[in-house]
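One structure is given here, and the rest of the page talks about it.
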């Protein structure tokens with residue numbers, strides 16, 4: 001791992017960026033809030049319309065955005081270790097598709113928001129079990145088999161989503177489209193997602209050595225005493241859970257889980273720190289959370305009072321950034 005003091009400074013700087021992004025989210029909007037009112041709202045005292053807007057609307061939404069961004073970035077970093085592919089995405093194994101089928105089915109039935117979230121989470125878990133069960137099959141579990149199974153399940157879920165939307169009444173299509181494109185406007189509570197994010201980071205830190213070895217190949221990891229099957233299953237289960245919670249909270253938000261870990265990894269390598277997962281994972285979570293907070297703030301202010309789906313902005317920003325990074329990346333050995 002890079003020098004411990006240097007790593008702590010990097011994480012402290014990212015914490016500062018996260019706090020700054022949250023402050024911007026609280027102050028910006030169709031109604032601009034003064035610096036003093038933001039501080040009063042954060043401190044939990046004072047009254048007035050501005051403070052009520054911060055406490056009741058902006059703070060829960062900003063925290064939900066940070067939690068979802070952190071969850072997706074952490075899940076993406078874990079998936080890239082699991083598949084040994086820097087282009088892996090947390091949605092690659094059909095988790096998002098399963099959640100979409102569950103959520104849209106509940107919307108089609110006219111159920112409440114809480115039941116929609118429950119259906120989305122259940123759909124994500126069912127997709128996770130189906131993918132892992134089919135990929136494991138006759139115990140010949142491989143990265144390529146897992147990836148192909150996930151792609152097939154995701155394609156099947158996409159077909160079901162298209163079917164649901166084709167038979168849905170017109171008045172329900174807007175809500176379905178916003179959910180599919182990512183929408184934090186209807187997040188119920190940020191605390192479950194924040195708790196899962198914290199637990200995910202804590203759960204992975206003791207396995208930093210195993211993750212570092214696994215990223216270099218199964219053979220080397222086995223030779224150095226890593227229980228490859230157990231660690232891979234743990235990575236897959238945790239990454240799937242993180243993705244399921246993020247998708248349940250905010251819908252499908254693309255590119256955060258792909259671009260953020262890749263950008264953090266490239267930065268670490270350019271600084272000579274290598275690809276150490278003990279720093280990469282928390283750094284990705286902090287940066288991903290901050291990025292989604294800023295993207296959501298932009299989504300609700302750029303044409304205020306009308307709001308844009310945050311997933312559209314992350315894609316519009318993520319595509320050129322990722323192509324730029326891909327173009328600057330040196331050729332790797334085959």
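The values are calculated or read from the model by the stated rules, or taken from the named source; none is laboratory data. All of these numbers come straight from a predicted model, not from anything done at the bench. All Cβ positions, even for glycine, are placed from backbone atoms using ideal geometry, and neighbour counts span all protein chains on display.
Tabulated data for the structure shown
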read-out	value
Of residues in the range 303-321 being touching a helix residue (DSSP H, G or I) at 6+ places or on another chain (Cβ under 8 Å) and surrounded by fewer than 24 Cβ atoms within 10 Å (Cβ to Cβ), the one nearest to residue 3 (Cα to Cα)	321
Some residue of the range 119-128 being more than 20 Å from the chain's Cα centre (by Cα) and surrounded by 14 or more Cβ atoms within 10 Å (Cβ to Cβ)	no
So residue 257, is it closer than 24 Å to residue 23 by Cβ, within 11 Å of the chain's Cα centre (by Cα) and either at pLDDT 85 or above or in a helix (DSSP H, G or I) (or both)	no
Options 56, 133, 123; residue that is assigned to a helix (DSSP H, G or I) and under 27 Å from residue 259 (Cβ atoms)	123
Residue that is surrounded by the most Cβ atoms within 10 Å (Cβ to Cβ), among those in the range 42-59 that are in contact with a helix residue (DSSP H, G or I) (Cβ under 8 Å, 6 or more places away or on another chain) and over 21 Å from residue 188 (Cα atoms)	46
Residue in the range 62-76 that is modelled with pLDDT under 95, surrounded by fewer than 19 Cβ atoms within 10 Å (Cβ to Cβ) and either in contact with a helix residue (DSSP H, G or I) (Cβ under 7 Å, 6 or more places away or on another chain) or part of a loop (DSSP other than H, G, I, E, B) (or both) present	no
Complete set of residues in the range 216-233 that are buried (at least 18 other Cβ atoms within 10 Å of the Cβ) and in contact (Cβ under 8 Å) with a residue 12 or more places away in the chain	226, 231, 232
Test: residue in the range 169-185 that is farther than 29 Å from residue 297 by Cα and modelled with pLDDT of 85 or more	yes
Top-ranked residue of the range 1-41 - restricted to ones that are touching a residue at least 12 places away in the same chain (Cβ under 8 Å) and outside any helix (DSSP H, G or I), ranked as surrounded by the most Cβ atoms within 10 Å (Cβ to Cβ)	33
Scan of the range 149-160 for residues that are within 21 Å of the chain's Cα centre (by Cα) and either closer than 13 Å to residue 180 by Cβ or not in a helix (DSSP H, G or I) (or both), ordered by number	157, 158
Total residues in the range 153-171, condition surrounded by 15 or more Cβ atoms within 10 Å (Cβ to Cβ) and under 22 Å from residue 85 (Cα atoms)	2
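Residues checked against (1) within 25 Å of residue 310 (Cα to Cα); (2) within 24 Å of the chain's Cα centre (by Cα):
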| site | (1), (2) |
| --- | --- |
| 32 | yes, no |
| 36 | no, no |
| 44 | no, no |
| 52 | yes, no |
| 59 | yes, yes |
